[in-house]
1. Does any residue of segment 177-186 turn out to be on the phi < 0 side of the Ramachandran plot, loosely packed, with under 12 Cβ neighbours inside 10 Å and modelled with pLDDT under 85?
2. Need pairs with beta-carbon distance below 7 Å; first residue in the same structural domain as residue 64 (by TED's automatic domain parsing) and within segment 191-213, second surrounded by fewer than 10 Cβ atoms within 10 Å (Cβ to Cβ) and modelled with pLDDT under 75; sequence gap 6+ or separate chains.
3. Exactly one of these conditions fails for residue 127: (1) on the phi > 0 side of the Ramachandran plot; (2) touching a helix residue (DSSP H, G or I) at 6+ places or on another chain (Cβ under 7 Å); (3) in contact (Cβ under 8 Å) with a residue 40 or more places away in the chain. Give me its number.
4. Please work out if residue 50 is within 21 Å of residue 127 (Cα to Cα), at pLDDT below 95 and in the same structural domain as residue 85 (by TED's automatic domain parsing).
5. In the set 153, 144, which member is surrounded by 15 or more Cβ atoms within 10 Å (Cβ to Cβ), modelled with pLDDT under 80 and part of a helix (DSSP H, G or I)?
6. Please return the ranges of helices (runs of 4 or more DSSP H) entirely within segment 8-102 where 2 or more residues are surrounded by fewer than 21 Cβ atoms within 10 Å (Cβ to Cβ), touching a strand residue (DSSP E or B) at 6+ places or on another chain (Cβ under 6 Å) and without any contact (Cβ under 8 Å) to a residue 40 or more places away in the chain.
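The values are calculated or read from the model by the stated rules, or taken from the named source; none is laboratory data. The model shown is predicted, which means the values in this text are computed figures rather than measured ones. In this analysis, Cβ positions are derived from the backbone assuming ideal geometry, glycine residues included, and neighbour counts consider all displayed protein chains.
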C-alpha cells in the first residue's frame, strides 16, 4: 500500500455531474497527499483510463452512465492491479451495503463534509475498508452474497432452466467446468439439486436493482 511519505496516491474521479466533478477535482488537486491523474463522466471512460494509466484509488458516482457503479466494479475486479474503489453517493437506503457487497473498498456520503472524503481515500490507500455502520451479519445471512462472480453468473443462468450443455455453450466453458461450479454452488447454498438451487435463487435474490438506487 501507499506510504504518503514516499509517494503520492494516484486518484481518478468519475461523476456524471460536471459541477461535482470539477469541485472534487479542485479539492484533490489542493491536497498534497494525492495526485489527480484523470477524470471521467462515464463508467466506460473510467474503465478505459484505469486500464491504461496506473491508478491507486477511484472515486466514483454509483449511477455513472452507462454501466453503473456496480457493473464497473465487477469488471475492474477482473483486471490486474485494479484501483480500489470509493463509492461517493447519497447515504440512503441500501446503497452502502450494496457497494460493499459489490466489492467497493469504501463508501463516502455526499452529505458529509468534503474533508471526510479525503480522509476516507487516505485510509483506503493504507489498505483499509471504510463504510458507515453496517450489520455485517445481514450480509452473511444470504449465501448468494458470498458466491464468486462466476458462480453468480452460473446461478442466474441456471435459473433460466438451461441444461449443462446449454450452460457450457452460454458461458463458453467445458461441461466438466459447469459440473464443478454447480457442485460448489449446491454446497454453498446447502441445496441438493438444480431445482432447489433455482428455488433458492428466486426466493433470496436481492430485489433492489441499480436503477432503483
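1. no
2. none
3. Every listed condition holds for residue 127 apart from (2).
4. On the way: within 21 Å of residue 127 (Cα to Cα): yes; at pLDDT below 95: yes; in the same structural domain as residue 85 (by TED's automatic domain parsing): yes.
Taking the combined requirement at face value, the residue satisfies it.
5. Only one candidate passes the filter, namely 144.
6. Of the helices (runs of 4 or more DSSP H) lying wholly inside segment 8-102, those with at least 2 residues that are surrounded by fewer than 21 Cβ atoms within 10 Å (Cβ to Cβ), touching a strand residue (DSSP E or B) at 6+ places or on another chain (Cβ under 6 Å) and without any contact (Cβ under 8 Å) to a residue 40 or more places away in the chain span 18-30.
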